[in-house]
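First up is the structure itself, then whatever we jot down about it.
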Amino acid sequence: MDSDPTSFTPETLDPLAGFRLDGQVVLVTGASSGLGARFARVLDAVGARVAIAARRADRLDDLATHLHDPIVLSCDLSDPEQRDALVPRVVAASGRIDVLVNNAGRSESMRALDEPVEHFRDTVELNLVAPFALAQAAARHMAEHSIAGRIINIASIYGISGVGRIPEAGYSASKGGLISLTRELASQWSRREIRVNALAPGWFPSEMSAEMFSDPRLAEWIVEKTPLRRPGQPHELDGALVFLAGTASSYMTGQVLTIDGGWTAI
Ligand SMILES: NC(=O)c1ccc[n+]([C@@H]2O[C@H](COP(=O)([O-])OP(=O)(O)OC[C@H]3O[C@@H](n4cnc5c(N)ncnc54)[C@H](OP(=O)(O)O)[C@@H]3O)[C@@H](O)[C@H]2O)c1
């Protein structure tokens, strides 16, 4: 690195170059539906070789038909053995991993007074423990091979503020923990040039949110409370995702990029 930090000269004047991932390998968990399926297609479109993981193999096979050179990995991330084997499987298939998108997650609305502790624990296991284990495995590989890797944790507005009307104690705790984990891993791994950031979506249509959006009173409440007066559309996370995955965000780590129509601004 140049000893005078003020003399930095950009390699290119094309700002879009930092949004390409040609020749890089990305693992997207929870790619069988919703946001994860979209993330896989977008990362494929900007040049990455994409490894897609989830439990439903048939869904992954369907998605694979839309990708250039996919790696399809059926995997239950609640099972520690399958979880721990996932990053090694990506490396075995592709030789490397440059970007990990920790997207797989579960949520089920219930009042905290009724939420069984076991349900809370299972949610934290999938939404927080699994992302840590995968990040650790990916970072060990990146550090060993001097890869300036990126880890993107898909958090939520539930990790930033309370919601109440759609109650999710375990989910909130898991997403808040994921945001704290993002900051700590970024702090620990920055000297290894591994960047860790979180993407926190607001309300987006998916299998996870389908039941909520099918209740007209809740759908209306969300529109009323969102400054931009509507839920997000899946493509409205594309730019933020690719920004965090590419060198466009090379001076950013330990941050939360919140794409929520202004929900957390008020
Ligand atoms: N939609 C929203 O409004 C919203 C807002 C904020 C944050 N998020 C976050 O975005 C992420 C994606 O959610 P989504 O809305 O796209 O919901 P979704 O369509 O239900 O997707 C969840 C994904 O996680 C996978 N998954 C669940 N349990 C798994 C397990 N044990 N092992 C492996 N994969 C598992 C599912 O695949 P299989 O069932 O095939 O395993 C599926 O691909 C989640 O982390 C969620 O918390 C969503």
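The values are calculated or read from the model by the stated rules, or taken from the named source; none is laboratory data. Here the structure is a predicted model, which is why all the values come from computation and not from measurement. We place every Cβ from the backbone using ideal geometry, glycine too, and count neighbours over all the protein chains shown. Ligands, DNA and RNA are excluded from the accessible area calculation, which covers all protein heavy atoms including side chains. Shrake-Rupley method; radii C 1.70, N 1.55, O 1.52, S 1.80 Å.
How many of the residues making up the range 120-151 are surrounded by fewer than 15 Cβ atoms within 10 Å (Cβ to Cβ) and within 16 Å of the ligand (Cβ to nearest atom)?
Of the residues in the range 120-151, 1 are surrounded by fewer than 15 Cβ atoms within 10 Å (Cβ to Cβ) and within 16 Å of the ligand (Cβ to nearest atom).
How many residues does the range 25-55 contain that are over 13 Å from the mean Cα position of the chain (by Cα) and either assigned to a strand (DSSP E or B) or within 12 Å of the ligand (Cβ to nearest atom) (or both)?
Residues that pass the stated criteria total 8.
Can you spot a residue in the range 154-166 that is under 22 Å from the mean Cα position of the chain (by Cα), open to solvent by 20 Å² or more (accessible area, probe 1.4 Å) and within 21 Å of Ala40 (Cα to Cα)?
No, the range 154-166 has no match at all.
Could you please let me know if Ser94 is open to solvent by 50 Å² or more (accessible area, probe 1.4 Å), more than 8 Å from the ligand (Cβ to nearest atom) and within 21 Å of the chain's Cα centre (by Cα)?
The answer is no for Ser94.
Which one of the conditions (1) open to solvent by less than 20 Å² (accessible area, probe 1.4 Å); (2) assigned to a helix (DSSP H, G or I); (3) not β-branched (Val, Ile, Thr) does Gly232 fail to meet, given that it meets all the rest?
The single condition Gly232 does not satisfy is (2).
Sort through Asp58, Asp62, Asp76 and tell me the only one that's assigned to a loop (DSSP other than H, G, I, E, B), within 16 Å of Gly30 (Cβ to Cβ), within 12 Å of the ligand (Cβ to nearest atom) and open to solvent by 40 Å² or more (accessible area, probe 1.4 Å).
Every option except Asp76 fails the conditions.
For Phe120, all conditions in the list (1) on the phi > 0 side of the Ramachandran plot; (2) touching a Gly at 6+ places or on another chain (Cβ under 6 Å); (3) not polar (S, T, N, Q) hold save one; what is the number of the exception?
(1)
Keeping to the range 149-177, report how many residues are among the hydrophobic types (A, V, I, L, M, F, W, C) and under 16 Å from Thr226 (Cβ atoms).
Final tally of qualifying residues: 4.
Can you find even one residue in the range 201-210 that is open to solvent by 30 Å² or more (accessible area, probe 1.4 Å) and more than 28 Å from Val46 (Cα to Cα)?
Checked the range 201-210: at least one residue is open to solvent by 30 Å² or more (accessible area, probe 1.4 Å) and more than 28 Å from Val46 (Cα to Cα).
Across the range 206-227, what is the total count of residues that are part of a loop (DSSP other than H, G, I, E, B) and either of a type in the set (D, E, K, R) or in contact with a helix residue (DSSP H, G or I) (Cβ under 6 Å, 6 or more places away or on another chain) (or both)?
Counting residues in the range 206-227 that are part of a loop (DSSP other than H, G, I, E, B) and either of a type in the set (D, E, K, R) or in contact with a helix residue (DSSP H, G or I) (Cβ under 6 Å, 6 or more places away or on another chain) (or both) gives 3.
Give me the residue from the range 97-119 that is surrounded by fewer than 23 Cβ atoms within 10 Å (Cβ to Cβ) and among the hydrophobic types (A, V, I, L, M, F, W, C) and, out of that set, farthest from Arg165 (Cα to Cα).
The residue in question is Val117.
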